[in-house]
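Undergrad: I am attaching a structure below and will ask some questions about it afterwards.
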Amino acid sequence: MIDNVTELKSSYVWLEDGIVRALAKKNTNHDLEVAEETINTVIKLSNGAKMPLLLDISTVKSSSEESRKFFQSEKANSCIKSLALILNSPSSRIIGTLFLNLNLPNYPFQIFTSEKKAIEWLSNENTE
């Protein structure tokens, strides 16, 4: 694993190659507390600057509506430059797409099944 990884209740978060990465722990439930803890860690790692965020939630058991809404909050918008979500199941991709399209954040976002493609998109998105 990478040096300087911050272990949270439900995920690991670190800064690598100009991208903040959050990897959810397997079979965890993501609620508002987890979302707030993640964003607080992003702010700490980025020293308050807006940064691209790779959020791999492909192994989570569940994600609450409050957690998802928090990623559209003013606090999240203050530190997220762009967001790449990694989801594995087709149903979670549909739910993620619907939710994000109904509650558009103020930053670019895409949903991926591949970490490599997500990183490429974040890198391209943040050089333009």
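Undergrad: How many residues does segment 60-87 hold that are part of a loop (DSSP other than H, G, I, E, B) and more than 9 Å from the chain's Cα centre (by Cα)?
TA: 8
Undergrad: If you don't mind, another one. So in segment 97-119, with the set limited to residues that are assigned to a helix (DSSP H, G or I) and buried (at least 18 other Cβ atoms within 10 Å of the Cβ), which one is modelled with the lowest pLDDT?
TA: Top of the filtered list is Leu100.
Undergrad: Here's something else I'd like to know. What residue, among those in segment 6-59 that are among the polar types (S, T, N, Q) and assigned to a strand (DSSP E or B), is modelled with the lowest pLDDT?
TA: Asn29
Undergrad: Assess whether Ser62 counts as being loosely packed, with under 15 Cβ neighbours inside 10 Å and at pLDDT below 90.
TA: So Ser62 passes the test.
Undergrad: Tell me which residues, restricted to segment 59-88, are over 18 Å from Lys9 (Cβ atoms), touching a strand residue (DSSP E or B) at 6+ places or on another chain (Cβ under 7 Å) and hydroxyl-bearing (Ser, Thr, Tyr).
TA: Ser82
The values are calculated or read from the model by the stated rules, or taken from the named source; none is laboratory data. Just so we're clear, the structure is a prediction, and the values are computed from it rather than from any experiment. As a convention, Cβ positions derive from the backbone with ideal geometry for all residues, glycine included, and neighbour counts pool all protein chains shown.
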